[in-house]
Amino acid sequence: FTEVRGSISGHVFVDAGDNGAYDALFDPPLGGIDVTLTGTDVLGNIITPITIQTQADGSYLFPDLLAGTYTVTEGPVANYADGKDGLGSSGGTLGNDVLSAIPLAGGVDAVNYDFGERPAASISGNVSAERANGSSVVVPGVTITLTGTDVVGNPVSLTTTTDALGNYSFDSLIAGTGLTVMTGPNG
């Protein structure tokens, strides 16, 4: 007996349009990103997790799959904030960096299972104290807390301390509404 096989494919990319849909003209690809396939084939066999990396053009392909129900999971992407993902041609369930319950029929090449990322943002500054004579001095060791809500509704609560030059920075942030609250030494 010969089983008709299909595939699942997609892209990992910087989502310039913030819509979860890959556009080769506008969305820069992300190569070298881990993507993992799991699931159960039509014969009831549980698929041992298969992890591959995206190509230089951001694409990935899981070929030679029997009909079944599959999940594709994107690995962490350094220096980028999580963006919107897109379900492909065979449907499934959309999750955060997880596209699950993908129904793959025999011989079907399911396409456009895409993972969008966004450039990470940062907030930084400097803490200084003004003296009575009008000059200022940097203040190291001040605790700075950033609180608010990110664009997907998750609460944000981050803390850092100013360095020896009074500088602080919150890196790898995603878009949202934040409020910076500073607490410092007496005086």
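See the values below:
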{"read-out": "Every residue from the stretch 119-129 that is in a strand (DSSP E or B) and farther than 25 Å from residue 13 by Cβ", "value": "123, 124, 125, 126, 128, 129"}
{"read-out": "Residue satisfying condition, being within 20 Å of the chain's Cα centre (by Cα) and open to solvent by 40 Å² or more (accessible area, probe 1.4 Å), within set 27, 23", "value": "23"}
{"read-out": "Of all residues making up the stretch 86-144, the number that are without any contact (Cβ under 8 Å) to a residue 24 or more places away in the chain, open to solvent by 40 Å² or more (accessible area, probe 1.4 Å) and in contact with an Asp or Glu (Cβ under 9 Å, 6 or more places away or on another chain)", "value": "5"}
{"read-out": "Residue among 51, 40, 36 that alone is in contact with a Leu (Cβ under 9 Å, 6 or more places away or on another chain) and among the hydroxyl-bearing types (Ser, Thr, Tyr)", "value": "51"}
{"read-out": "Test result for residue 34, charged (D, E, K, R), open to solvent by 50 Å² or more (accessible area, probe 1.4 Å) and under 15 Å from the mean Cα position of the chain (by Cα)", "value": "yes"}
{"read-out": "Residue list for the stretch 76-91, restricted to those being modelled with pLDDT under 90 and among the polar types (S, T, N, Q)", "value": "79"}
{"read-out": "Considering residues of the stretch 37-55 that are farther than 13 Å from residue 13 by Cβ and surrounded by 15 or more Cβ atoms within 10 Å (Cβ to Cβ) only, the residue farthest from the chain's Cα centre (by Cα)", "value": "41"}
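The values are calculated or read from the model by the stated rules, or taken from the named source; none is laboratory data. Keep in mind that what you see is a predicted model, and the values were worked out from it rather than measured. Positions of Cβ are backbone-derived with ideal geometry, glycine not excepted, and every protein chain shown enters the neighbour counts. Just so you know, the surface numbers come from the protein's heavy atoms only, side chains and all, with ligands and any DNA or RNA stripped out. Shrake-Rupley method; radii C 1.70, N 1.55, O 1.52, S 1.80 Å.
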